[in-house]
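Following: one structure in structure tokens, then a few remarks.
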Amino acid sequence: GGGGFGGGGGSPFDIFEQMFGGNPFGGGGGGRGGGRSRVRKGEDVVHGLKLSLEDLYNGVTKKLSLAKNIICPKCTGTGSKSGALGTCRTCSGSGVKLVVRQIAPGMVQQMQTVCPDCQGNGQTISEKDKCPSCKAQKVVQEKKVLEVHIEKGMMHNQKVVFNGEADEAPGTVPGDIVFVVQQKEHKIFTRKGNDLFIEKKLTLTEALCGFKFQIEHLDGRKLIVGCEPGEMIRPGDLKSIQSEGMPIRGNPFNKGKLFVKFTITFPKNGEMSGDQIQALENILPKRPTVELDLENGEESELHDVDPQVEARRREEEKRAAGNAYDEDDDDDMRGGGERVQCAQQ
């Protein structure tokens, strides 16, 4: 059977050309010539695109006007009327200029910088021959309107790419214009992946006796949600509504879930009269019986707690404890020295 890299008369360096785009040893192989010259690609231009949750739920098209460089149509990117280019005299066509500077007595430093006269391209155009349209810059600006289509269900930081729509320049392939989705915060809904979350406050009566409320969804529909009497809601309970989350990108008829997290608002201290409390106790299940050691036990009072005040108190205690520890260390060091001296006497 056939063997080697060639497989039918091909060059043994074909494998290098396929992997790296050229023969690593410079010569041609199989009559193909030397390594291929690659056209440099221009830089991509990235824009953040702020979108509401409604936009991402329903999908939207945004028209955006951008200024970009294009190859001058009058001189086709040469920068001159005649199309002729001269060699830059400052850098002799190299595009770089050698700068020598003294950094210390008897010591100099040589540096290469981009030639200021030709901006590094090694060519110059006489004043008379400069293109009147681009002023020898080879490019001119134009405004372009791009229609950015946002699909239903797109997520934060996903990208919409317009290939080859960035700035043009002679000898380069234009880069891409990239729009990055930036999801705005919503006052009602929170998004996690394809799911949506809302918080709902209920009164104690609603939590115990049933309730109904309405959710205005991101597409304007009104969802009526409720629990029947006898179905208790506890603080922190989480319920879900199937297929009312975000559309799934590429398959918008499938959706995530809408989760509802409940918090319960209890009556304030003193808000209920003694008769109301007694009536409530008569309705609710009886209290559990608790045995108390009234003879030896001590009455203790419960106080309301402010978490911020408590956090500050703990920080102050921690600092005070640290200072006391440092003072004890100093005392031990001083005392230890005296005890050693006494022991030697």
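Observations, loosely collected:
- Given R0 = 35 Å, the distance between the Cβ atoms of residue 58 and residue 237 translates into a calculated FRET efficiency of 0.70.
- Taking a straight Cα-Cα cut-off under 18 Å and skipping sequence neighbours fewer than 8 places away in the same chain, the lysines within cross-link reach of residue 41 are 68, 138.
- Estimated inter-spin distance, residue 309 and residue 128, nm [label 7 Å along Cα→Cβ]: 9.1
- If you take all other residues with their beta carbon under 13 Å from the beta carbon of residue 145, and give Lys and Arg +1 and Asp and Glu -1, the sum is +2.
- Charge context of residue 265, other residues only, Cβ under 15 angstrom, K/R +1, D/E -1: +1
- Distant-in-sequence amide contacts of residue 202, defined by a placed amide H-H separation under 5 Å and a gap of 5 or more residues or a different chain, comprise 263, 264, 265.
- Subset of 50/144; 144/255; 159/222 violating a 27 Å alpha-carbon distance limit: 144/255; 159/222
- Just so you know, the Cα atoms of the range 213-285 work out to an Rg and Dmax of 18.6, 61 Å.
- Low-density loop cleavage sites - trypsin sites (Lys or Arg not before Pro) in the range 82-162, where at most 12 other Cβ are within 10 Å (DSSP): 89, 135
- At the residue level, residue 306 shows approximately 80 square angstrom of accessible surface with a 1.4 angstrom probe and all protein chains present.
- This model, with +1 at the C-beta of Lys and Arg and -1 at the C-beta of Asp and Glu, gives the range 186-261 a dipole about its Cα centre of some 300 debye.
- Pairwise label distance in nanometres, residue 219 with residue 293, each label 7 Å out on the Cα-Cβ vector: 6.6
- Segments 273-286, 40-53, 247-260 sorted - mean Cβ within 10 Å per residue, highest first: 247-260, 40-53, 273-286
- Convex hull volume per residue in cubic angstrom - Cα atoms of the range 110-250: 213
The values are calculated or read from the model by the stated rules, or taken from the named source; none is laboratory data. All values derive from a computational prediction rather than experimental measurement. Glycine also receives a Cβ, built like all others from the backbone with ideal geometry; neighbour counts cover every protein chain displayed. Accessible surface areas use protein heavy atoms only, side chains included; no ligands, DNA or RNA. Shrake-Rupley method; radii C 1.70, N 1.55, O 1.52, S 1.80 Å.
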